[in-house]
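Participant: Got a structure for you, written out below as structure tokens; questions coming shortly.
Nothing in this text is a laboratory measurement; each read-out follows from the coordinates by a stated rule. Being a predicted model, the structure only gives us computed values, none of them experimental. Heads up, the Cβs are rebuilt from the backbone with ideal geometry, glycines too, and the neighbour counts pull from every protein chain shown.
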Amino acid sequence: MKSRPLNLLALLALLVAGLLTACGSDDSGDETAASSGGGGADCTPANEFDTIKEGKLTVVGFELAPYTTFAGGEPDGIDVDVIKEIAENECLELEITELASAAVIPAIQSGRADVAIGDWNRTKEREEIINQTDPMYLDTVGFVSAEGISKPSDLQGKQVASVAGAYWNEELDTFSDSDLKLYQSWGQLYDDLQAGRVDVGVTSYAQAVHTLQEKGGDLKVEQAAADPGFSASTKPGQADLPHTLGNDAMKAALNANIAELKQSGRLAEIVEAWGLDPAIVETGPPTFK
């Protein structure tokens, strides 16, 4: 039997199917990244600014529940909810990648990401190497212990521990007879707290509350009582969205979105949904630690 040549319509159908298959394949090879959103052709962005990848907002974060968490397989948390709202408002596809905490800010510096998430506090040092937005919420300090310690003065005679790089470490070290013990992660510190190898762990109050809710046990968390010698207790850190140095159009857009989320009450709703006091969105004017 002779083979019959394909007619023109059938040939065109095969060509179109092949093109659609090729365009739909996007194997980036990066298993730590998650993409979502994008406004579509009929979406009008609230602001105009450049991003590293056209049409995408490239975001990096690390595990710091309840601000950012990747434990469920998809990015989640307070900062994730915020950046999703912003990406939608700006008609951008959102790509969030989990990194080690020490790699997040360098990713912004090197131009591999647009924005960082994960309860990053505004500091004078970071202002030299990245842009920082207006504050989103206050980052209050928590003490975790078996005794329920809240006063910095009660740290005398205790083995106190914190995470390396925390802005309060220098002052915290003056309140205890023992040298401040530093850990690379809150998870490691918390394990030693539970085992009784340290007496008091110091971290973000929200992170401490979330950990106790997740893991249970007999430890107690208290917000650090005001003490003039411990400025973190009287002047909490202000969390922001670090982003590309010199991209002032992006800074203006992020600030406009943060202001709108505050004014509409949406930011307070997000914070409260994660178990925190919505009053922390009342940050006051921008300051530095």
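Participant: Could you derive backbone 3J(HN,Hα) for region 139-151 from the dihedral phi with the Karplus parameters 6.51, -1.76 and 1.60 (θ = phi - 60°), listing whole Hz in sequence and x where the residue is Gly or Pro?
Facilitator: 10, 7, 9, x, 9, 10, 7, 6, 8, x, 5, 10, 8
Participant: In deg cm²/dmol, rounded to 500, what helix-only [θ] at 222 nm does the chain give when every DSSP H run of at least 4 residues adds -39500 (n - 2.57) and the total is split over its residues? Kindly include the intermediate steps, with their values, before the conclusion.
Facilitator: Details: 10 runs with 96 residues, N = 289.
Using -39500 (n - 2.57) per qualifying helix, the result is -9500 deg cm²/dmol.
Participant: Under the rule a/c < 1.5 gives rounded, and otherwise a/b versus b/c splits prolate from oblate, where does region 132-218 land using the Cα gyration tensor? Show your work: numbers first, answer last.
Facilitator: Details: a/c = 1.62, a/b = 1.17, b/c = 1.39.
Since a/c reaches 1.5 but b/c is at least a/b, the shape of region 132-218 is classed as oblate.
Participant: Please build a GNM for the chain, connecting alpha carbons under 10 Å apart, and tell me which residue among Val209, Val198, Val60 fluctuates the most.
Facilitator: Maximum among the listed residues: Val198.
Participant: Starting from the Cα of Gln184, move 7 Å in the Cα-to-Cβ direction to define the label point; list residues of region 49-83 whose amide nitrogen is under 18 Å from there.
Facilitator: Zone members listed by number: 62-64.
Participant: Arrange the following residues from fewest to most other Cβ atoms within 10 Å of their Cβ: Glu63, Glu272.
Facilitator: On the way: Glu63 18, Glu272 15.
Exposure proxy ranking, most exposed first: Glu272, Glu63.
Participant: Highest mean first, how do 188-195, 46-53 rank when packing is the count of other Cβ atoms within 10 Å averaged over residues? Kindly include the intermediate steps, with their values, before the conclusion.
Facilitator: Working: 188-195: 16.5, 46-53: 14.1.
Descending mean neighbour count gives 188-195, 46-53.
Participant: List the aspartates and glutamates whose Cα lies under 13 Å from the Cα of Lys151, skipping any in the same chain that are fewer than 8 positions away.
Facilitator: Glu222, Asp227
Participant: Looking at Phe62, Ala239, Thr140, which one has the Cα that reaches farthest to the positive end of the dipole of the chain (charges on Cβ: Lys, Arg +1; Asp, Glu -1)?
Facilitator: Checking the options against the dipole of the chain, the answer is Phe62.
Participant: Assuming R0 = 30 Å, can you tell me the calculated FRET efficiency for the pair Arg112 and Glu74, based on Cβ-Cβ distance, to the nearest 0.05? Write down the numbers at each step before the final one.
Facilitator: Values: r = 21 Å, r/R0 = 0.71.
My answer for the efficiency is 0.90.
Participant: Would you mind calculating the gained length between Glu170 and Ala146 on full extension (0.36 nm times residue separation, minus the Cα-Cα distance), in nm to one decimal? Don't jump to the answer; show the numbers that get you there.
Facilitator: Working: separation 24, 0.36 × 24 = 8.64 nm, distance 2.37 nm.
That works out to 6.3 nm of additional length.
Participant: Nearest 10 degrees is fine. How inclined is helix 78-89 to the longest principal axis of the chain, computing both from alpha carbons?
Facilitator: Its long axis makes an angle of about 30 degrees.
Participant: When each pair of different Cα atoms in the chain is counted once in the 1/r mean, what is the Kirkwood radius in angstroms, to one decimal? If you can, show how the numbers build up before the last one.
Facilitator: Numbers: mean 1/r = 0.0477 Å⁻¹.
Result for the chain stands at 21.0 Å.
Participant: Return the whole-Å distance between the Cα centroid of region 111-125 and the Cα centroid of region 160-198.
Facilitator: If you average the Cα positions of each part, the centres end up 23 Å apart.
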